[in-house]
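What follows is one structure encoded as structure tokens, with my remarks underneath.
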Amino acid sequence: MTQWLLDRTFRTASGDEVRWAALGEGQADAPAVVLLHGTPFSSYVWRGVARALAARHRVFVWDMPGYGASQKRAGQDVSLAAQARVFTELLAHWDLATEAARPAVVAHDFGGCVALRAHLLHGAHYTRLALVDPVALSPWGSPTYRLLAAHPDVFGRLPPDLHRALVREYVSSASHPGLHPAVLDRLVEPWCTDEGRPAFYRQIAQNDQRFTDEIQERYGELALPTLICWGTQDTWIPPTKGHDLASRIPGARLHLIEDAGHLVQEDAPAELAAVLGEFLAGGG
């Protein structure tokens with residue numbers, strides 16, 4: 001399976017270590033784009049799209065605190081509110097916070113909420129915004145997610161083998177055609193270490209609906225080109241949410257991707273990369 005290494009670190013204001021990487025850096029004058037992952041994933045799901053976009057962009061990827069290769073610890077704040085603050089810090093660290101250097105942003109799942117909160121609540125600015133099957137409108141969360149959120153202490157006591165089986169089944173359900181076994185292993189493994197098992201339930205317990213409730217009535221304020229992509233076979237967040245979200249954002253365009261589930265990056269990477277490439281180039 002293709003190697004994916006986040007070779008740089010950033011220390012957040014709260015003291016957490018975030019791992020990140022940049023692609024396409026040979027093009028110093030190329031426009032910047034930042035990719036945000038969702039839960040329970042990591043930047044790994046963006047590997048194919050990131051490399052495709054790096055032909056014409058400087059592409060920044062990162063694992064949010066509590067996810068992937070970034071730090072996981074007891075008592076860690078990994079809420080959507082905290083992730084939006086960290087994202088705002090990272091934009092400044094990457095020198096992408098000035099008007100001349102503003103990036104485009106592509107955000108999947110709860111990364112959508114993170115990007116929207118950073119923009120609406122923390123003054124982060126983007127040239128363009130693409131939201132891929134985002135967490136943006138209540139109610140959200142698959143039935144499994146809601147069950148886990150209601151009983152994190154109970155599920156947190158599962159033996160390691162049962163925990164691994166649960167996480168594998170849960171992650172698998174994000175894909176419509178099914179994930180390659182090596183990809184599934186890569187997505188599951190961070191949640192199955194001694195630090196990863198409690199981190200899995202920690203992030204679910206902290207991410208409640210109020211983080212979208214606080215901003216969803218403000219989507220009409222968005223004044224930048226916005227693309228919404230949605231897998232037609234998404235069983236985690238139904239495509240009807242895409243239509244609703246597009247109607248709330250002035251000028252937003254909705255692009256449905258046939259036969260793709262929630263993990264569009266894995267189910268239809270070529271189509272998603274092409275649609276995003278066109279959008280980032282100023283089309284659509």
Per-residue counts of other Cβ atoms within 10 Å, averaged by peptide: what ranking do you get for 275-282, 128-135, highest first?
128-135, 275-282
For n ≥ 4 DSSP H runs only, could you compute -39500 (n - 2.57) per run for the chain, divide by its residues and tell me the 222 nm figure to the nearest 500?
-10500 deg cm²/dmol
Using each residue's phi in the range 73-82, evaluate 6.51 cos²θ - 1.76 cosθ + 1.60 at θ = phi - 60° and report the 3J(HN,Hα) Karplus result to the nearest Hz, with x for Gly and Pro.
8, 5, x, 6, 8, 10, 5, 4, 5, 5
Difference of contour (0.36 nm per residue) and Cα-Cα distance, E25 to S247:
76.3 nm
For the chain, the spread of Cα positions along each principal axis, largest first, Å:
50, 38, 38
Taking every other residue with Cβ under 13 Å from the Cβ of P103 and scoring Lys and Arg +1, Asp and Glu -1, one gets +1
Which value, in debye to the nearest 20, describes the size of the charge dipole of the range 220-284 about its Cα centre when Lys and Arg Cβ atoms bear +1, Asp and Glu Cβ atoms bear -1, and nothing else is charged?
300 debye
Helix 160-172: inclination vs the chain longest Cα principal axis, degrees, rounded to 10, gives 30 degrees
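In a shell of Cβ-Cβ distance under 13 Å around A281, excluding A281 itself, what net charge do Lys and Arg (+1) and Asp and Glu (-1) give?
Net of charged neighbours comes to +1.
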dims of the range 171-231, Cα set, principal axes, largest to smallest, nearest Å -> 42, 29, 17
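Residues with beta-carbon under 9 Å from that of E195, excluding E195: net charge, scoring Lys, Arg +1 and Asp, Glu -1? Don't skip to the answer; put the middle values down first.
Numbers: positive: K72, R73, R197; negative: D194.
My count for the surroundings of E195 gives +2.
For a protection proxy built on the mean count of beta-carbon atoms within 10 angstrom, sort 108-121, 81-94, 213-226, 242-255 highest first, please.
On the way: 108-121: 25.0, 81-94: 20.4, 213-226: 14.9, 242-255: 16.8.
In descending order of packing, they fall as 108-121, 81-94, 242-255, 213-226.
Assigning unit charges at the beta carbon (Lys, Arg +1; Asp, Glu -1) and nothing else, what dipole magnitude in debye, to the nearest 20, does the chain show about its Cα centre?
Details: 25 positive and 32 negative charges, 58 e Å.
The dipole magnitude comes to about 280 debye.
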Report, in degrees rounded to the nearest 10, the 0 to 90 angle that the Cα long axis of helix 196-206 makes with the longest principal axis of the chain.
70 degrees
Could you list which residues have their amide H under 5 Å from that of R58, counting only those 5 or more apart in sequence or on another chain, with H placed in the peptide plane?
A32, V33
State the answer as a single residue: which of I237, L80, L179 lies farthest towards the positive end of the charge dipole of the chain, with beta carbon charges of +1 for Lys and Arg and -1 for Asp and Glu, about the Cα centre.
L80
Of V132, L166, L120, which is farthest on the positive side of the dipole of the chain, counting Cα position, with +1 on Lys and Arg Cβ, -1 on Asp and Glu Cβ, and the Cα centre as origin?
L120
What shape does the range 39-176 take by its C-alpha gyration tensor, where a ≥ b ≥ c are the square roots of the eigenvalues and a/c under 1.5 counts as rounded, a/b above b/c as prolate, and the rest as oblate?
prolate
For S70, which sequence-distant residues (separation of 5 or more, or a different chain) have an amide H within less than 5 Å of its own amide H, given hydrogens modelled in the peptide plane?
R19
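Bear in mind these aren't lab numbers, they're just calculated from the coordinates by the rules spelled out. The shown structure was predicted, so the numbers you read here are calculated from the model rather than taken from an experiment. Because the Cβ atoms are built from the backbone with ideal geometry, glycine has one as well, and the counts that use them run over all protein chains shown.
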